Each structure stands twice: as structure tokens, then as C-alpha cells.
Ligand SMILES: [Zn+2]
């Protein structure tokens, strides 16, 4: 439900053909005016003020919050560019705003709602909802031509979502469709039995809809598709230690290839190696450090030993493993 304001043009206004019609089509336009403030009300005033002297007039202008009506549905307008053709003489013109300070997607939804309403009121079939381009070849509605089928499907969606009219109380009102979340609750509660097909039929939903319910159920139960675990990568620090230990030979390119890393990564490793060299940390082998630990040179307690050795945790773990091996 979108509020429709009226600012009707007189039949004898210069920008109005002055003829009546029985609407058989609905023609969709974009205003081609992305300026801020170029909303529905502004376009209604523009028409009321004579459309800048142009022979231009249309029925409804829609923005993201409201609709302004300028011509009655049975008044002809000048908007389709087909002269005395059916675009001008038998169609209701709807301009969808594209003002920068508006929400275009919402304006589109509002237009779809209005179109559905007019289709019902004038018994206009969906195939008679057309573009301005359909009548005159103009690139309009310029923002919807690429997605015209989707736009029309959006009107059909409104048809499906149409609430039952309160004027027919005898008809049992359709139960409101359940949300994905509600259905997931029920599936978890076991209300729809077991087996996907059985559950889907019990819920009375489409396969694509059931997939959504299933994903929601899995999400709640903490089931997720296992992601392939990335290969354990060595830290910059580990690689630097290995280089210092001579495990990757000499020469930067040789070392880089031996480590199997990119040049950028190798630069980081090299910087770390240089940093340690600068800080004067003697590069000892795991075996040497293990011997020192066994000899009691680094005190007691793992953290103390590690700090005394000046190595990272991963390297210390290797030293520890070596110590354990030697002490067996
Ligand atoms: Zn147009």
C-alpha cells in the first residue's frame, strides 16, 4: 500500500491532449532525471506548471515513498512518443523516479504494486504492461530495459502475495505462508517426518524453497559443509629459522624455491633473517640448542628457556622434541 496523492491536470491544459480513453495498456518509463529532489511530487508540480511548455503528460509518477497522480486513468496523455497510436491513446503512463536521494529499488517495488492495482481495476493483462521503447523505440525505461522480464515477474509476485479481499468472508482465508525460520523450527521439531522429499511435501513448498529451509536447519544444528583445510603453512619466523639453520641452501633464489614461496613472501623471510642477524642472535641449530638445554644453560621452565634461547614457540617445540629424543 503506497499513498497516492492527486494533482490532476485540466483537460484543456496545453500539455494535455484533452481526450478521454479506455485504458488497455500500461506504459512504464524512467524519469531520466537522477538529480536530488527529482521525486514524484516534483514531477507532479512540473506537469501542473505546464511541463516546461512541452506536450508532455503522464498519469502517475512513483518514487520510493509515494505516488503522485497527474491524469485520471481515463484521460489521454502524451508520454509514449507514438503520436495518435495506442501508447498515447490507450495506455496509462507511469514514470519511475531515479532521483539520487531516493531508493530506486523501492521505487520499482512501489511501481509494481501500482501496476498490479491498475491491472485489477481496468482488467489489463500482464502482457499489456509494456515499455516506452515498445511504442517508439526510445531507450526508456532506461534503468529497467535490461531487466524487463524480472520487472514483470515482480508484478506477478505481487499477484501471488495479494491478500484475500475482506469482501469475501465466506472464502476461507489462505493460511499465511510460513517463514523459512518457522519451517526450520518445525523440521527440527520432527513435525514433517524424515527424508527430504517427505518433509518438502509435508511443508507443501518448492524444491528451491525446501533447500532454503534445509540450509537454515543445518545452520541451526551447526552442520556446515566442511571446507578443505589449507595446508599448514610455515610462519615467516619458522622459515627464517630454517634458513639460518642452513636447511634451504645458499642463494636467495635457491632458498625461495626450496621454501616454495612467492618472491614477496621470501622478501619477508629475508627481512626476518636480517633482523635476527642485526639483533646479533646467534643462529644455533635445534641440536645445539637441545644440548644447551640439557646442559642447563637456559634454566628451568619452558617459557624461560625459550626466551633465553631467543626463539619462537614453534622453534622451541622442536628443541623440546629434540631434548626429549636425546633424553630417552
Ligand atoms: Zn519514457
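Figures for the structure shown
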quantity: Search result, residues across segment 17-32 that are out of contact with any helix residue (DSSP H, G or I) (no Cβ under 8 Å at 6 or more places or on another chain), within 16 Å of the ligand (Cβ to nearest atom) and either over 19 Å from residue 136 (Cβ atoms) or in a loop (DSSP other than H, G, I, E, B) (or both); calculated: 32
quantity: Residue 87, sole failed condition from (1) free of Cβ contacts under 8 Å to residues at least 60 places away in the same chain; (2) part of a helix (DSSP H, G or I); calculated: (1)
quantity: Residue match in segment 73-92 (condition: within 14 Å of the ligand (Cβ to nearest atom), surrounded by fewer than 18 Cβ atoms within 10 Å (Cβ to Cβ) and within 15 Å of residue 9 (Cβ to Cβ)); calculated: no
quantity: Lone qualifier among 100, 107 - being in a helix (DSSP H, G or I) and touching a residue at least 12 places away in the same chain (Cβ under 8 Å); calculated: 107
quantity: Subset of segment 141-160 that is buried (at least 19 other Cβ atoms within 10 Å of the Cβ) and not in a helix (DSSP H, G or I) - its residue that is nearest to the ligand (Cβ to nearest atom); calculated: 141
quantity: For residue 7: the one exception among (1) in contact with a helix residue (DSSP H, G or I) (Cβ under 6 Å, 6 or more places away or on another chain); (2) within 16 Å of the ligand (Cβ to nearest atom); calculated: (2)
quantity: Failed item in (1) within 14 Å of the ligand (Cβ to nearest atom); (2) over 25 Å from the mean Cα position of the chain (by Cα), with residue 13 passing the rest; calculated: (1)
quantity: Enumeration of residues in segment 117-140 that are more than 20 Å from residue 4 (Cβ to Cβ) and outside any helix (DSSP H, G or I); calculated: 125, 130, 131, 137, 138, 139, 140
quantity: Contacts under 9 angstrom Cβ, first residue in segment 126-142 being at positive phi, partner modelled with pLDDT of 95 or more and within 9 Å of the ligand (Cβ to nearest atom), 6 or more apart; calculated: 137/81
quantity: Condition check for residue 52: over 38 Å from the mean Cα position of the chain (by Cα), in the same structural domain as residue 149 (by TED's automatic domain parsing) and within 16 Å of the ligand (Cβ to nearest atom); calculated: yes
quantity: Meets criteria (within 16 Å of the ligand (Cβ to nearest atom) and touching a strand residue (DSSP E or B) at 6+ places or on another chain (Cβ under 6 Å)) for residue 58; calculated: yes
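The values are calculated or read from the model by the stated rules, or taken from the named source; none is laboratory data. Predicted, not measured: the structure shown is a model, and the values here were computed from it. Reconstructed Cβ throughout: ideal geometry from the backbone, glycine too, with neighbour counts over all protein chains shown.
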